[in-house]
Amino acid sequence: MRKPIQNPIIVALDMLGKEEVIETIKELEEGKMVWGYKLSTPIFAEGVRLLEEIEKSVGSVNLLIDLQLIGTPKFIEDSIKLFCRTAVRFIVCNAAAGPTAIRRAVATAHHPTKILVGSSLSSLSLADIRFIFGAVNREAKADDFTAMTRETKAAGLYCAAEELEHLSRQPEKRDIPMTVAVAIRPDSYPDKGEHIFTLTPNQAKERGARFIVIGGPITELQGWDDPKPRTKTEAAERILAGIDEKYLTFRVEGE
């Protein structure tokens, strides 16, 4: 199949050990079927050394570091300095850190690393949201986080499919550079995992997501309907082939 130069797929490498992270990246980079990789829990286990091991073993690849950073502005600044490296394209700071800390993160990050404002609203009950934020509903807080993304000049919003669905219904409030969406599942992968609300890749793109984060359908092949893909590369290729070409950018012949 033709391979787009603007690929929206970020593979979530959660709950994998160092060796499996590196082997998965090696396999997928050979096929060039995805844009990059999300690292979260493996970073807690291996620290910054994991980034060094990836570069040593695979070379420079696009990474999104999702630690949902939260804390004082100084803590956020120090954390950004620690992870701001050539391969790291995005670092997620939790929206609950507040606009002052997010602005500090944006000011600290240097090219090519950019800051995403992370929302964890979809994982909270309404009672949790009221207790933590004082908001009466999830949608109102999602609007606040979108405004914070814009006002702090962060690169975009990192949110679940449920929040993307809400924001897509009011485009006048979505004037932010990009949205990176999680809880994305292709039609032929019925297992939603821990997600209650999911969107397909095409639905997420239609609703304005620039990147879509997909984990299990690529790293856990047994969840597919038959015939199951035999390799991670085949799974990624199947997902990419199912994305409408109007959401992809291809190299012009002769370039």
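Among the numbered conditions (1) out of contact with any Leu (no Cβ under 7 Å at 6 or more places or on another chain); (2) part of a helix (DSSP H, G or I); (3) surrounded by fewer than 21 Cβ atoms within 10 Å (Cβ to Cβ); (4) of a type outside the set (Phe, Trp, Tyr), the only one that residue 187 does not meet is (2).
So that you can scan it fast, the table gives a plain yes or no per residue for (1) within 18 Å of residue 38 (Cα to Cα); (2) crowded, with 20+ Cβ neighbours inside 10 Å; (3) out of contact with any strand residue (DSSP E or B) (no Cβ under 8 Å at 6 or more places or on another chain); (4) not polar (S, T, N, Q):
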residue: 88; (1), (2), (3), (4): yes, yes, no, yes
residue: 91; (1), (2), (3), (4): yes, yes, no, yes
residue: 97; (1), (2), (3), (4): no, yes, no, yes
residue: 107; (1), (2), (3), (4): no, no, yes, yes
residue: 113; (1), (2), (3), (4): yes, yes, no, no
residue: 121; (1), (2), (3), (4): no, yes, no, yes
residue: 125; (1), (2), (3), (4): no, no, yes, no
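Number of residues in the stretch 127-177 that are within 18 Å of residue 69 (Cα to Cα), among the β-branched types (Val, Ile, Thr) and surrounded by 14 or more Cβ atoms within 10 Å (Cβ to Cβ) equals 3.
Going by the structure shown, is residue 112 farther than 22 Å from residue 55 by Cβ and not small (Gly, Ala, Ser)? So residue 112 fails the test. Within the stretch 12-36, the set of residues being charged (D, E, K, R) and either over 16 Å from the mean Cα position of the chain (by Cα) or more than 21 Å from residue 211 (Cα to Cα) (or both) comprises 18, 19, 20, 23, 26, 27, 29, 30, 32. All of 57, 79 fail the test of being under 19 Å from residue 232 (Cα atoms), assigned to a helix (DSSP H, G or I) and among the small types (Gly, Ala, Ser), apart from 57.
Pairing residues of the stretch 33-51 that are acidic (Asp, Glu) with residues that are part of a loop (DSSP other than H, G, I, E, B), at Cβ distances under 6 Å and at least 6 apart in sequence or on separate chains, gives no pairs at all. Of the residues making up the stretch 227-255, those that are in a loop (DSSP other than H, G, I, E, B), more than 17 Å from residue 161 (Cβ to Cβ) and at pLDDT 90 or above number 6. Please work out if residue 38 is part of a strand (DSSP E or B), under 16 Å from residue 85 (Cβ atoms) and of a type in the set (Lys, Arg). So residue 38 passes the test. Of the residues examined, residue 86 is one that is assigned to a loop (DSSP other than H, G, I, E, B) and β-branched (Val, Ile, Thr). Restricting attention to the stretch 100-152, the residues that are outside any helix (DSSP H, G or I) and either closer than 27 Å to residue 62 by Cβ or in contact (Cβ under 8 Å) with a residue 40 or more places away in the chain (or both) add up to 13.
The values are calculated or read from the model by the stated rules, or taken from the named source; none is laboratory data. Remember, it's a predicted structure, so these values are computed and weren't measured experimentally. Cβ coordinates were reconstructed from backbone atoms using ideal geometry, including for glycine residues, and neighbour counts include every protein chain displayed.
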